[in-house]
Amino acid sequence: MICERAYTRRVTRVHQGSSAPTGTASWRALEPATESLIAAGAELGRLLDHIARRSGSLTFAQYQLLGALRGAHPQPLEPWELGRALGAGSAQVTALLDHLERAGLLVRQAHEHDRRRRLVRLTDMGVERVEQVGRHITAVERMVFERAGDADQLKHLAPTADRLRAVLSELLASDLSFSLDADPGRRPGADAPI
């Protein structure tokens, strides 16, 4: 959290026109669009976390987990499915489940066909809480996007973000070692004779 704030302050200074520190060239670590996306994502995450905490005493990650369960309700989900929905590992999912179960917002039970597996389902109180927080989140999302730009610009935002996520997922799943061994922008064998 502290690193995110420092990064956001640095990016904000850069975008507001402050010059580079004394003695540095005009080198930059990231493209301005990348810096803006990272900073906007961090700010949006903090805003949504704040709203979830104030309106329902949940972290945004807890709200997202409850939201995944609400989307499947009344069917239960397995912890690995929740991890995939959140993009989180099993340790993080387990910690979230432990907290939410203690709060009475969900229950875990043995799978009916395989006792080694667990099923997770919302309680009535969990349904009420996620819907309550969801109303506040939706209102804030609407306000953010109304203030951010005109409807014509914003209708392209979701498809663009989806394409970026697909590219990033593909890159994360691939072997990126070529980028460490070659000149930037060139793939190995790109100039090899055919």
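For segment 148-158, residues that are assigned to a helix (DSSP H, G or I) and under 17 Å from residue 41 (Cβ atoms) total 4.
Can you work out which of the residues in segment 20-60 that are surrounded by 15 or more Cβ atoms within 10 Å (Cβ to Cβ), of a type in the set (A, V, I, L, M, F, W, C) and out of contact with any helix residue (DSSP H, G or I) (no Cβ under 6 Å at 6 or more places or on another chain) is modelled with the highest pLDDT? Of everything passing the filter in segment 20-60, 47 is modelled with the highest pLDDT.
Considering 154, 180, 171, 122, which residue is at pLDDT 85 or above and over 24 Å from residue 70 (Cα atoms)? Outline the logic, then answer.
Values: 154 fails: at pLDDT 85 or above; 180 fails: at pLDDT 85 or above; 122 fails: over 24 Å from residue 70 (Cα atoms).
Matching residue, one of 154, 180, 171, 122: 171.
All of (1) within 20 Å of residue 59 (Cα to Cα); (2) surrounded by fewer than 12 Cβ atoms within 10 Å (Cβ to Cβ) hold for residue 114 with one exception: (1).
Residue 12 meets all of the listed conditions (1) open to solvent by 80 Å² or more (accessible area, probe 1.4 Å); (2) at pLDDT below 90; (3) closer than 22 Å to residue 144 by Cα but one, namely (1). Every test in (1) without any contact (Cβ under 8 Å) to a residue 24 or more places away in the chain; (2) polar (S, T, N, Q); (3) over 23 Å from residue 54 (Cβ atoms) is passed by residue 123 save one, and that test is (3).
In segment 79-107, which residues are assigned to a helix (DSSP H, G or I) and over 16 Å from residue 122 (Cβ atoms)? Give the steps one after another, and end with the answer.
Kept after step one, since they are assigned to a helix (DSSP H, G or I), are these residues of segment 79-107: 79-86, 90-102.
Correct list: 80, 83, 84, 90, 91, 92, 94, 95.
Filtered by the rule that a residue be assigned to a helix (DSSP H, G or I) and open to solvent by 40 Å² or more (accessible area, probe 1.4 Å), segment 64-78 gives 64, 70, 71.
Going by the structure shown, is residue 132 surrounded by 10 or more Cβ atoms within 10 Å (Cβ to Cβ), modelled with pLDDT of 95 or more and not β-branched (Val, Ile, Thr)? It is true that residue 132 is surrounded by 10 or more Cβ atoms within 10 Å (Cβ to Cβ), modelled with pLDDT of 95 or more and not β-branched (Val, Ile, Thr).
The values are calculated or read from the model by the stated rules, or taken from the named source; none is laboratory data. This is a predicted model, so every value here is computed, not measured. Here the Cβ is made from the backbone with ideal geometry for all residues, glycine too, and neighbour counts use every protein chain on show. The accessibility values were calculated without ligands, DNA or RNA, using every heavy atom of the protein model including side chains. Shrake-Rupley method; radii C 1.70, N 1.55, O 1.52, S 1.80 Å.
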